[in-house]
1. Restricting the stretch 139-152 to residues that are under 19 Å from the mean Cα position of the chain (by Cα) and closer than 16 Å to Ala207 by Cα, which is surrounded by the fewest Cβ atoms within 10 Å (Cβ to Cβ)?
2. Look at Arg266 and say whether it is without any contact (Cβ under 8 Å) to a residue 60 or more places away in the chain, open to solvent by less than 60 Å² (accessible area, probe 1.4 Å) and among the basic types (Lys, Arg).
3. Select from the stretch 322-380 the residues that are among the aliphatic types (A, V, I, L, M), closer than 30 Å to Gln263 by Cβ and loosely packed, with under 13 Cβ neighbours inside 10 Å and list them in ascending order.
4. Can you tell me how many residues within the stretch 324-340 are within 18 Å of the chain's Cα centre (by Cα) and either closer than 15 Å to Gly173 by Cα or part of a helix (DSSP H, G or I) (or both)?
5. Out of everything in the stretch 172-183 that is in a helix (DSSP H, G or I) and among the aliphatic types (A, V, I, L, M), what residue ends up being least open to solvent (accessible area, probe 1.4 Å)?
6. Out of all the residues in the stretch 189-211, is one or more of a type outside the set (Phe, Trp, Tyr), farther than 19 Å from Leu150 by Cβ and within 16 Å of the chain's Cα centre (by Cα)?
Amino acid sequence: MNSTEDPPVGAARPLEGVVVADFSRVLAGPYATMLLADLGAEVIKVEGPAGDDTRTWVPPVRPDGVSTYYTAINRGKKSVVLDFTDADDLATAQALARRADVVIENFKPGGLERFGLDYAAVAEANPAVVYCSISGFGSAEGASLPGYDLIVQAMSGLMSLTGDPDGSPFRAGISVFDVMAGLHSAVAVLAALRHRDATGTGQHLEASLMASAMSGLVNQTAAYVAGGVVPHRMGNAHPSLFPYEPLPTADDDLIVTAGNNAQFRRLCTALGIPEVAEDPRFAENGDRTANREQLRPLLVEQLRKHPAKHWFAELNEVGVPNGPINTIGQGVEYAKELGLEPVVSAGTGERAVPVVRHPVTFSATPPRYDLAPPELGEHTDQVRAWLSTPEATPTTATTTVPRKES
């Protein structure tokens, strides 16, 4: 973010004063709590003595040996080490849950009951709490199933859509449903906080990777639910649009898309074959999709006359969506060229860590990145000291843990 857009030091952010007790680990929960921290929430990350698993998920690592996986999803938080099998530590965890506005956890369903940290126990002492449970397959018949993203990719049907038609199913290149579940959880928490502000009452939210998959597969699940059609692998092709896939040029493949008739006509004109757009076989999107095997060679013949870079400029000039297939590095650098400023620093001084910024810009209350991803147990003493102070009353403006430079 440009320095001219930075808020004044100490300026309030949307979630300033909201305390989040983060009893989650790995990805879905930590991703949700990081987004909340960006927006001003005081996130207290509770870790066991061994720390979050992602601290050991390497390579790659930063120059200081810290896992980049861990770094990606834990900025803006305070780390507290608590062993729930230790009576004093468990009492501290319970006190934290009592003081929190939000609790987020991703233990197996029912796994926190024996510690008195389940929703029923926490809400009895803290009825205004917004308590979000994240699991793999929900708390009913799927409660015992392990909540790994790869398993959900397989069992939801996503992998049946990914890969060549005659090849094996493939996983997505990221833990896509962990990220979706984290996003869905963050949205739900914000809605529940608004409800609490209006009524004074908290509630229990349940998110799952499988439910996020059903929602996140959008048109593919709708094909089955609304149309009785079971989608299948089509490689890079789209079931409902053509062209909408990589096409070869004189050197590299180029993603070419035509989402409507006007874009298709402009594409044909730019390629020097305007008559193709008038061909009855290709005049409407449904026709192009049904006759893609006849249309593809006509487009490829023209695209092969020039390299991808040439077509990228030419097609953008006439308003035809297209783009090269970049590496992650090229993608980040291109985002910089577009002025999206994807990289920011979390923390200050020697502790500053480059991270990917919050995905949404705010005109009045932009995110801040005051704290670097914490070292294991870095804030244990600070949080214990805060918990030893008298609990805030409902009229207190903020219950935020006192800040400490890190």
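1. Tyr148
2. It is false that Arg266 is without any contact (Cβ under 8 Å) to a residue 60 or more places away in the chain, open to solvent by less than 60 Å² (accessible area, probe 1.4 Å) and among the basic types (Lys, Arg).
3. Keep residues of the stretch 322-380 that are among the aliphatic types (A, V, I, L, M), which gives 325, 328, 332, 335, 338, 340, 343-344, 346, 352-353, 355-356, 360, 364, 371-372, 376.
This time we only want the ones that are closer than 30 Å to Gln263 by Cβ, so: 325, 328, 332, 335, 338, 340, 360.
Selection gives Ile328, Leu338, Val360.
4. Here the count works out to 4.
5. Ala181
6. yes
Here's the yes/no breakdown for (1) within 16 Å of Ala97 (Cβ to Cβ); (2) among the β-branched types (Val, Ile, Thr); (3) at pLDDT 95 or above; (4) more than 17 Å from the chain's Cα centre (by Cα):
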| position | (1), (2), (3), (4) |
| --- | --- |
| Pro8 | no, no, no, yes |
| Val26 | no, yes, yes, no |
| Glu42 | yes, no, yes, yes |
| Glu47 | yes, no, yes, yes |
| Gly51 | no, no, yes, yes |
| Val58 | no, yes, yes, yes |
| Ile73 | no, yes, yes, no |
| Lys78 | yes, no, yes, yes |
| Leu82 | yes, no, yes, yes |
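Yes or no, residue by residue, for (1) closer than 26 Å to Thr327 by Cα; (2) touching a Ser or Thr at 6+ places or on another chain (Cβ under 6 Å):
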residue: Gly147; (1), (2): no, yes
residue: Met155; (1), (2): no, no
residue: Met159; (1), (2): yes, no
residue: Gly163; (1), (2): yes, no
residue: Asp178; (1), (2): yes, no
residue: Ser185; (1), (2): no, no
residue: Leu193; (1), (2): no, no
residue: Thr199; (1), (2): no, no
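The values are calculated or read from the model by the stated rules, or taken from the named source; none is laboratory data. What you see is a predicted model; the values in this text were computed from it and never measured. Note that each Cβ is placed from the backbone with ideal geometry, even for glycine, and that neighbours are counted across all protein chains shown. The accessibility values were calculated without ligands, DNA or RNA, using every heavy atom of the protein model including side chains. Shrake-Rupley method; radii C 1.70, N 1.55, O 1.52, S 1.80 Å.
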